[in-house]
Amino acid sequence: MSYQKILPDDLEDPNLYTKQGKLYQESGNFEAAITCYENAIRINADDIDAHYELGHLYRAIGEYQQSIFFYSNVTRIDPNQVEVHNELGKLYQELGDSEKAITCYRSAIQIDSKYMKAHYNLGHVYQSIGQREKAINSYQVTLDLCDDALALEPNDEKVYRLRQSTAHLLNSQVRITTKTAPPHYVQGLFDEYANRFDYHLVEILDYKVPQSLKETLTSQLGHDLIFDVGIDLGCGTGLSGQVFRPICKQLVGIDLSTKMLEIAKGKNIYDTVENSEINIYLEQSSEKYDLFIATDLLIYIGDLKMLFSNISKASNQKGIFVFSTELVQEVDYSLTTQGRYAHSENYIRKLARQNKFNILNIVNTDIRTEIAGQLFVIQLEC
């Protein structure tokens, strides 16, 4: 049923158009939702709800400039919309305009000095442009606000997760290396990133780690190899799954981010997808695998002892583990200022030896622009 059949053309109540637009938006009919919101604005140019919903909708479908236009209308109509200033900051940050992002986050903080998300996001943008001291200050303010809030509401899960994420990024700036990134940080990062993940990595960053990793594997073992059961650890939206699917009779995808998995499911790459922390899944699964894939997974885990042990136990005879790392020298692993972990080749070799893996191939490469990394192919001994 089209919206015209529900709402007559001569309707002059903007609220009804906005309500109907929300129903269409929730059902995924974005075109009809946009038409409803536009009708509401045609009747009342300052309908703040319609402008807000259009900003939210256009962000969801990746139309960032349109989203900025309508969110800016919201702040013009009501300058005290603190959450919208924050959302504008995130949009500008994603578009690479750090200066405008900082202005928006500061506007949010000026309205509400205790608005934790804006302090956190301000720290993140300072971190991204290398202003370390300002990043540290913003993260510390966020931590203090989280602690104050948790003192009043100890069971506030959202604040607890924000505190974990903030502590992780603060550690990265003050050079404190922890064993792993908090699961809530990783989940939140990729839930937020999901809708633009493929475009940003493939179109903007020219991301080719999965292809390079597969070539590292096939150049060693031949281009005609086929695995019975493979598992893509930290599968995300399925970028690696698309590359490795042709050489796996069955392929399982595992990830913490529910929103990334929703996109992966839509691609019909995996026979099964599971929302789980990697080590927990491997420990609880009775399945044995022939191929383990981990592209850009280890950058969120510092101490890899448990992961290597679990993969060894879950592997069939002569099982293969292929993975990428960012590279560090002299220490086993280090938390970098980008909030990711880098690992030394010696550390990987030590873990492989301890868990009865033979190293078949190592390739030095740039994992990201000007970030040195390595690609590994290792195989469980008979």
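Could you give the dipole magnitude of the stretch 189-380 about its Cα centre, charging the beta-carbon of Lys and Arg +1 and that of Asp and Glu -1, in debye to the nearest 20? Spell out each step's value before the answer.
Working: 18 positive and 25 negative charges, 109 e Å.
The calculation lands at about 520 debye.
Listed highest first by mean packing, meaning other Cβ atoms within 10 Å per residue, what order do 136-144, 325-333 come in?
Details: 136-144: 20.3, 325-333: 16.9.
So the peptides 136-144, 325-333, ranked by packing, come out 136-144, 325-333.
What angle, in degrees between 0 and 90 and rounded to the nearest 10, separates the Cα long axis of helix 14-27 from the longest principal axis of the Cα atoms of the chain?
20 degrees
If the only charges are +1 at each Lys and Arg Cβ and -1 at each Asp and Glu Cβ, what is the size of the charge dipole of the chain around the Cα centre, to the nearest 20 debye?
On the way: 36 positive and 52 negative charges, 277 e Å.
The dipole of the chain has a size of about 1340 debye.
Over 26 Å between Cα atoms: which of Lys100/Lys259; Lys214/Lys305; Lys249/Lys305 fall into that group? Provide the component values of the computation, followed by the final result.
Details: Lys100/Lys259 28 Å; Lys214/Lys305 24 Å; Lys249/Lys305 29 Å.
From the list (Lys100/Lys259; Lys214/Lys305; Lys249/Lys305), the Cα-Cα distance tops 26 Å for Lys100/Lys259; Lys249/Lys305.
Toward the positive end of the charge dipole of the chain, about the Cα centre and with charges on Cβ (Lys, Arg +1; Asp, Glu -1), which of Ile362, Pro183, Asn268 goes farthest?
Ile362
Treating the angle as unsigned and between 0 and 90°, give the value, to the nearest 10°, between the Cα long axis of helix 132-152 and the longest Cα principal axis of the chain.
The two axes meet at around 70 degrees.
Using mean Cβ contacts within 10 Å as the protection proxy, how do 251-260, 35-44 order, highest first?
Details: 251-260: 22.5, 35-44: 19.9.
The peptides rank, most packed first, as 251-260, 35-44.
Using unit Cβ charges (K, R positive; D, E negative) and no other charged atoms, how large, in debye to the nearest 20, is the dipole of the stretch 283-361 about its Cα centre? Each step should come with its number before you reach the end.
Working: 9 positive and 9 negative charges, 71 e Å.
Charge dipole of the stretch 283-361: 340 debye, to the nearest 20.
Nearest 500 deg cm²/dmol is fine: what mean residue ellipticity at 222 nm does the chain get from its DSSP H runs of n ≥ 4 alone, each adding -39,500 (n - 2.57), divided by its residue count? Numbers along the way, then the final one.
Values: 17 runs with 207 residues, N = 382.
Mean residue ellipticity, 222 nm, calculated: -17000 deg cm²/dmol.
With semi-axes √(5λ) of the Cα gyration tensor in Å as the read-out, I listed (1) 42, 27, 17; (2) 44, 23, 18; (3) 29, 25, 21; which label goes with the value calculated from this structure?
Among (1) 42, 27, 17; (2) 44, 23, 18; (3) 29, 25, 21, the one derived from this structure is (1).
What number, in percent, do you get for the relative contact order of the stretch 3-174 if the mean sequence gap of Cα pairs under 8 Å and at least 6 apart is divided by its residue count?
Working: 196 pairs, mean separation 18.6, N = 172.
11 percent.
What whole number of Å gives the distance from the Cα centroid of the stretch 239-295 to the Cα centroid of the stretch 33-104?
Each part's Cα centre sits 36 Å from the other's.
Taking the Cα centroid of the stretch 114-167 and of the stretch 313-375, what is the distance between the two, rounded to the nearest whole Å?
31 Å
Return the percentage of antiparallel bridges among DSSP beta bridges fully within the chain, rounded to the nearest 5 %.
Working: 21 of 41 bridges.
Just about 50 percent of them are antiparallel.
Could you grab the relative contact order for the chain? Cα pairs under 8 Å, six or more apart, rounded to a whole percent. Write out the running numbers ahead of the final one.
Numbers: 644 pairs, mean separation 37.4, N = 382.
Computed over the chain, the figure is 10 percent.
Along the charge dipole of the stretch 3-174, Cβ charges K/R +1 and D/E -1, which of Ala50, Asn171, Tyr17 sits furthest on the positive end?
Asn171
Read the figures in this text as sums done on the coordinates, not as results from a lab. Quantities reported herein were computed from a predicted structural model and do not represent experimental measurements. All Cβ positions, glycine included, derive from the backbone under ideal geometry; neighbour counts span all protein chains shown.
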